[in-house]
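Read-outs throughout are calculated quantities, based only on the coordinates presented, and are distinct from any laboratory measurement. Note that this is a predicted model, so its numbers are computed, not measured. Glycine also receives a Cβ, built like all others from the backbone with ideal geometry; neighbour counts cover every protein chain displayed.
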Amino acid sequence: MKVGDLSPDALRRQVGEGNLLIDLAPFVARLRCDVDSAVRNLASMYAAFSVLPSDHFADFHIQVMREPGLRRWYRPQARFFFDGQPSFTPLPSDQAFAMIEWGLNWCVAAHAHQYLIIHAAVIERDGRAALLPAPPGSGKSTLCAALVHRGWRLLSDELALIDMDTGQVCGMARPVNLKNESIDVLRAFAPEAVLTPPVPDTLKGTVSLMRPPLASVQRRREPAMPAWIVLPRYTAGSPPRLVAHNRARTSLLIAEQSFNYDIQGLRGFDALCAVLDRCECLQFTYGDLDDAVRAFDALAATH
Amino acid sequence: MAARDLIRDVLLAPESIASLTPLDWDLMIRQGRRANLLARLAHVLNARDALDSVPSAPRQHLVSAMRITERQTIAVRHEIACIANALEGSGVPLILLKGAAYVAADLPVSVGRIFSDVDIIVPRPLLGQAESALLQHGWRGSTLSPYDQRYYRRWMHELPPMRHFRRDTTIDVHHNILPETARLSADSHALLDNVVSVPGHDRVFVLQPVDMLLHSATHLFHEGEFISALRDLFDIDGLLRHFGSRPGFWDELVRRAAAVGLSRPLYYALRVSVDLLRTEVPKDVLATASIGRPAAPLAWTMERCFALAFQPVHPSVDTAAVKAARFALYVRSHWLRMPMHLLVYHLGRKALLRTTSADTPVETARPA
Amino acid sequence: MIAWSPNEISRFRIKDFGDDGAVVYDIASGDTHAVDALAMELLQMLMERAPRTADSISADLARLLEGETEADVVDAVDRGLAQLQRLGLVLGSAH
């Protein structure tokens, strides 16, 4: 049974009661939410994801609930709870779905130390994965969203989960976070993409989430071996340039962009070195998404 | 669903994991995380080669918790070395307390434990030298206002916590080993007279075994907030199990408690540990320790209160103080490296539902 | 005159990327550092023979880098040794 198989009423009821368990392989989230807009977005964004029976083990119990009292009517707010514990300050309730997404990312990043977790986008083609680590604002998510509509599989736009024993990377193929101009850019680039109604005035600007391509969701249990680490830098008007990046500095950058590299200790260092051993380290400057698609096509065609 | 203290039950009877349903695991992992006992459970199961028999999904959480505590143990050892280095030549002896002491002394109770700060105790006359040595080696005083600083120094039994500028670790420098409550008249100085050096490090000291126990017991049973009560109780249980096999330990424990005026907290520690964790305490010891037991009606009330305080860590009976403290561990912990974009949706400040301690039924009953 | 020696090397795990330099993991502290290629070369030299002075290292390095004089490399050597010392990879003792 998929989320998309539930009627809107049934979904609203189930998630309102806190009995919606979504298969977010490799995790399971139990979700409770009473914000209608969030539930609608959930139905749209997670239509292809499986629902699990309520007696199943859940890794993360998440609640996004409307704030009580006056806040129900006056500039309504919602708050994120992790296993019943309020976390983070409340936000306007039109951001409730975004809170679910950010909250899920936090749950994984803060608790899943069985993986080395890097803040990076991950895409795959022909069994080889490209890691795109980048600080926010570097265009990583836009690039990722574009490439997964041009022949690349989406593993994640935020969380690269690295298995420290096998060196493989996996991802949940969850919705891609877009903001501000990139929303319109992506709409123009991939008119078939499904986006949530943009929500203005979040701390990140105007935010919209993009539904993951169906093929990516269907194959999300397939890990891939990292072959490239590409540091993207978007500069309007810039011609595409792909150059080798210093490997020692790339290592440090990956470590810095990791949520739990420090916790992993020596094991993390060894895993990091193993990833570096397998990957070409590149810096990619671009100003146009079509250029980027061509550049990544060329990469995929190498050896 | 009735609140079951699954985490405690399983820690006491690890073989019972065989009968847990997926929902049991689900609840227990959440309870264990809240109680800071997940890693301990992981180590207990690992020691019996039972970790592999845990279903894969819950097992990941246990593994994850172990990773954190393993890393923290390394960090604490390094921190102790840095502190020892800083105090070298200052004339201030390095006496560790609590978690850091357990690590330094290689006690079984240190395994699977979450650490945040390092606690040390410095005799009052040497406080200035200690603070000065730490400042010279990269620790920074807190950002409390001068008024708060004065308040802290005068009324709390420690300096305001100092943070190392580079390692981002915190040291709590205590000058009084016991909480200063009017009701507790105990000879705190005596506890410092018998410190022992840690094997392999003649410059690092910890309390002698009976004093370690009394210290832990006194703090636990004088706390207004039972923030990590169950975990602390497991510490006491662990210390008792480890030292209990040493010849003469039990006699000395009771005698020492009487000598320094800590018979009451010792009594509570033994009583509650036996009742809730089935710690093996020789019957005659329990009887002798009962000199610490208060008069009947009070004793009964206190024991009921403690039973509540160590209640299942479960949302339905969970106190706000426990919730806040649990999250505070994440907040304080520099192991959770939150890149800016995640911090961003904290809106600059993590808001916790901190209720005052008056909200919880236990806090209204002050230990006698 | 300062004589340089490598520190207890078992404390570190080194991943050498050749010309790109290296990354070093300090097992005791859990810190990770990047070290540039020249500093790595200096460390290698010290691991082969120590204790050595900066002058002696500079002389050898100048020979290896044909066309450079000792004076040319001495600054780079000083900086490299300082970097290694800061990370705890080498120790200097006054003679």
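Overview of values
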read-out: Alpha carbon centroid spacing (whole Å) that separates segment A:223-266 from segment C:30-85; value: 29
read-out: Over segment A:3-111, relative contact order from alpha-carbon pairs under 8 Å, at least 6 apart, %; value: 23
read-out: P(r) of segment B:11-104 over all Cα-Cα pairs, binned every 5 Å from zero, in whole percent; value: 3, 12, 20, 19, 12, 9, 9, 7, 5, 3, 2, 0
read-out: Sparse-neighbourhood loop sites, trypsin sites (Lys or Arg not before Pro) in segment A:27-81 - DSSP loop, at most 15 other Cβ within 10 angstrom; value: none
read-out: Other protein chain Cβ atoms within 10 Å, averaged over every residue that makes up A:86-95; value: 4
read-out: Chain A: calculated mean residue ellipticity at 222 nm from DSSP helix runs of at least 4, using -39500 (n - 2.57); value: -10000 deg cm²/dmol
read-out: Potential lengthening between residue B:295 and residue B:258 on full extension [0.36 nm per residue; Cα-Cα distance subtracted]; value: 11.6 nm
read-out: FRET efficiency for residue B:187 and residue B:77, using Cβ-Cβ distance with R0 set to 30 Å, rounded to 0.05; value: 0.40
read-out: Under-22-angstrom lysine pairs by C-alpha in the protein assembly as shown, whenever the two are 8 or more apart or on separate chains; value: 5
read-out: Shielding of A:246-256 by partner chains, average beta-carbon count, 10 Å; value: 6
read-out: FRET efficiency estimate (nearest 0.05) - Cβ-Cβ, residue A:294 to residue A:233, R0 25 angstrom; value: 0.90
read-out: Exercise: per-residue mean of other protein chain Cβ atoms within 10 Å, C:34-40; value: 2
read-out: Segment A:115-301: Cα Rg divided by the 2.2 N^0.38 Å rule of thumb; value: 0.97
read-out: Contact order normalised by residue count of segment A:115-301, Cα under 8 Å, 6+ apart, percent; value: 27
read-out: Loop trypsin sites (Lys or Arg not before Pro), segment B:193-286, which have at most 15 other Cβ atoms in a 10 Å radius of their Cβ (DSSP); value: B:278
read-out: Euclidean distance of C-alpha centroids, segment B:96-129 and segment B:1-42, integer Å; value: 28
read-out: Shape of the protein assembly as shown, Cα gyration tensor, a/c cut at 1.5; value: oblate
read-out: For segment C:2-94: Kirkwood Rh in Å [reciprocal of mean 1/r, alpha carbons]; value: 13.3
read-out: Packing-based ranking, highest mean first, of A:117-125, B:50-58 given that Cβ atoms within 10 Å are counted; value: A:117-125, B:50-58
read-out: Rel. contact order, % - alpha carbon contacts under 8 angstrom, at least six apart, segment A:57-117; value: 28
read-out: For segment A:3-111: rounded, prolate or oblate by the Cα gyration tensor [a/c cutoff 1.5]; value: oblate
read-out: Where labels lie 7 Å past Cα in the beta-carbon direction, separation of residue C:71 and residue A:180 in nm; value: 5.3
read-out: In segment B:18-107, the GluC sites (Glu not before Pro) that fall in loop regions by DSSP, at most 15 other Cβ within 10 Å; value: B:88
